[in-house]
1. Identify all residues within segment B:269-294 that are touching a Pro at 6+ places or on another chain (Cβ under 7 Å) and not in a helix (DSSP H, G or I); write none if there are none.
2. Which of the residues spanning segment B:364-377 are in contact with a helix residue (DSSP H, G or I) (Cβ under 6 Å, 6 or more places away or on another chain) and either facing chain A (nearest Cβ under 7 Å) or of a type outside the set (A, V, I, L, M, F, W, C) (or both)?
3. Looking at (1) within 14 Å of chain B (Cβ to nearest Cβ); (2) open to solvent by 50 Å² or more (accessible area, probe 1.4 Å); (3) of a type outside the set (D, E, K, R), which is the only condition A:Leu56 fails?
4. If I filter segment B:346-363 down to residues being open to solvent by less than 10 Å² (accessible area, probe 1.4 Å) and within 17 Å of A:Arg134 (Cβ to Cβ), which single residue comes out as nearest to the other protein chains (Cβ to nearest Cβ)?
5. Consider segment B:228-268. How many of its residues are within 14 Å of another protein chain (Cβ to nearest Cβ) and in a loop (DSSP other than H, G, I, E, B)?
6. Give the residues of segment B:79-108 that are open to solvent by less than 10 Å² (accessible area, probe 1.4 Å) and β-branched (Val, Ile, Thr), sorted by residue number.
7. So if I check each of B:Pro166, B:Pro184, B:Pro170, which one is more than 23 Å from B:Arg281 (Cβ to Cβ) and in contact with a Lys or Arg (Cβ under 7 Å, 6 or more places away or on another chain)?
Amino acid sequence: MVRVSRARGSVTYPARFLLVAAMNPCPCGDGGTPGACRCPPAARARYVRRLSGPLLDRFDLTVRVDPPAADDLVSPGPGEATAAVAARVAAARYRARSRGVMTNAALPASGLDGSVPLDGAAQDLLERHLRSGRLSARGLHRVRRVARTVADLGDTGPIVGAPEVAEALFLRGSRALLLGEEGR
Amino acid sequence: MTRDGPDQRAAAAALLDLPGMTPVRLAGLLDGFRPALAWSAVRAGTHPADPDRRFASAARGLDPGEVGRRYRQAGVDVLLVDSPGYPAALVGDPGAPVVLCAVGDPGVLEARPAVAVVGTRSATPYGTRVASQLGRDLAAAGVVVVSGLARGVDAAAHSGALAAGPGAAPPVAVVGTGADVPYPRENRMLWDRVARSGAVLSEAALGTPARPRVFPARNRIIAALSDVVVVVESHRGGGSLYTAEAAARRAIPVCAVPGSVLSRASTGTNGLLVDGCVPVRDAADVLTAVSLARQGKGMAPPAPVGGGGGAVPRGDRSPAGPPPTDRVQRSVWEAVDDTPTTAETVLLRTDLSLSAVTAASEELVAAGLLTAGAGWWCRA
């Protein structure tokens with residue numbers, strides 16, 4: 001919701017939105033992969049510093065999109081049909097609705113243990129990322145919800161395992177992706 | 001020597017400090033003039049190398065004694081080209097700076113072989129790893145590692161040299177900024193450690209900030225100080241190729257570390273190899289080049305350190321460990337190159353799901369077999 005308050009009263013508007021954003025990794029656009037970019041490191045740091053860490057922490061999915069190879073442009077291979085993907089998404093959404101929410105993003109944090117039960121390996125993995133500081137407290141809940149969706153898309157059952165959590169963690173690597181941080 | 005007492009050094013520092021002074025102009029002013037005499041002539045507007053009296057008014061507002069004190073307080077020695085303490089390797093070099101500022105002890109360069117380890121600022125994990133290993137093994141073999149304290153390869157080479165422990169040869173840095181202006185800021189600590197252990201040299205006046213022009217210029221000093229120049233990783237047209245060029249003009253051997261032909265950070269170094277530079281894989285290869293270079297100049301080859309012959313370890317050229325036995329982990333590991341490999345590439349090569357690939361890579365990173373970056377992996 002968005003509540004606008006003025007002297008004469010306040011109005012509440014409904015607001016449920018999905019924020020999708022795109023940006024280049026650096027001024028030259030070739031960054032992201034070390035060695036490929038010729039931007040001075042300082043210029044690159046200035047470029048990504050325009051987005052604050054707390055803002056980036058709210059992006060659950062970050063996908064790097066590399067320039068397509070010339071061959072793929074000239075003769076694109078067969079991709080997965082949109083209809084097949086849509087059917088998979090519909091099935092995943094149906095599973096989410098059975099938990100009483102429209103999407104897993106709306107799962108209340110208090111009920112995550114029930115809605116996203118983790119197996120031992122998945123728990124170990126999350127703990128490793130939390131302890132090393134790679135995952136924030138806010139990130140922990142968000143990773144669990146994304147892992148739930150990964151499991152729903154793959155129809156891997158009610159218990160969420162390490163592969164789904166690993167994928168959610170990978171998709172979350174937003175800050176590192178933008179800052180072009182060195183390997184860990 | 002009375003010829004270059006504190007007065008001469010203070011006058012040299014004052015000349016260096018004049019606004020608009022460049023190494024070339026300074027060389028002109030000191031050509032046939034001792035610094036104190038050059039200083040009085042510049043001040044009086046009678047110096048033949050300054051017919052426009054460009055520096056006269058600025059010189060009248062500057063007290064050499066005060067400038068000299070400022071340099072001493074900053075811990076900076078002012079070395080004149082023909083005075084004791086000035087690096088012997090630079091004497092007689094056509095591009096040698098007539099005045100050199102030094103923090104630390106440039107004497108570490110005497111009686112030891114020196115190797116420049118240089119390369120790109122935007123190094124890949126491969127480049128930083130090779131640079132730091134070369135730095136460590138060369139320092140342990142008694143070789144002074146000379147570099148520029150820049151980001152990337154330079155910093156890795158210096159850190160490696162410092163990590164070689166006591167008894168190893170100390171490193172020497174030649175920087176483009178003033179000897180009191182650590183640049184880039186993130187290398188402040190490294191800068192101090194190099195100065196304490198070896199020396200930081202600069203031909204710029206105190207307080208000179210980073211300017212694009214100064215870095216290619218100092219590369220000639222790096223080359224001139226060294227018996228051999230090793231370029232670890234360089235883009236085509238990269239700054240370290242200036243160092244290679246400066247070395248080639250001085251008949252100093254240039255070696256290059258081969259890289260993947262698919263890695264842009266190795267286009268410059270691979271180009272050097274095509275042009276006939278010596279490929280080097282590790283410190284042992286570099287030491288061979290150093291021995292040949294020094295024999296050619298009638299100097300003693302580097303003394304082996306540690307016990308007996310073959311004391312220099314061959315670099316570890318094998319992967320970090322045996323390949324993983326788990327089937328999925330193994331196919332992910334095989335799909336990842338020595339250079340950063342994006343998740344998309346790994347997915348295309350393995351035909352595995354993203355969750356399988358990410359889960360396997362988590363284990364491989366934990367086992368030290370892969371290095372993870374932002375959306376990519378490379379072999380550790």
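1. B:Val278, B:Pro279
2. Listed by number, the residues that qualify are B:Thr371, B:Ala372, B:Ala374, B:Gly375.
3. Unmet condition: (2).
4. Looking at residues that are open to solvent by less than 10 Å² (accessible area, probe 1.4 Å) and within 17 Å of A:Arg134 (Cβ to Cβ), I get B:Thr358.
5. Residues in segment B:228-268 being within 14 Å of another protein chain (Cβ to nearest Cβ) and in a loop (DSSP other than H, G, I, E, B): 14 in total.
6. Passing the criteria: only B:Val99.
7. Step by step, each of B:Pro166, B:Pro184, B:Pro170 is checked, and only B:Pro184 is more than 23 Å from B:Arg281 (Cβ to Cβ) and in contact with a Lys or Arg (Cβ under 7 Å, 6 or more places away or on another chain).
Listed here are the residues, each with its yes/no results for (1) more than 20 Å from the chain's Cα centre (by Cα); (2) under 21 Å from A:Leu169 (Cβ atoms); (3) open to solvent by 70 Å² or more (accessible area, probe 1.4 Å).
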| site | (1), (2), (3) |
| --- | --- |
| A:Leu61 | no, yes, yes |
| A:Gly77 | yes, no, no |
| A:Thr82 | yes, no, yes |
| A:Ser98 | yes, no, yes |
| A:Ala109 | no, yes, no |
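The values are calculated or read from the model by the stated rules, or taken from the named source; none is laboratory data. Just so it is clear, the model here is predicted, and its values are computed rather than measured. No Cβ is skipped: glycine too gets one built from the backbone with ideal geometry, and neighbour counts run over all protein chains shown. The area values use the complete protein model at the heavy-atom level, side chains included, leaving out ligands, DNA and RNA. Shrake-Rupley method; radii C 1.70, N 1.55, O 1.52, S 1.80 Å.
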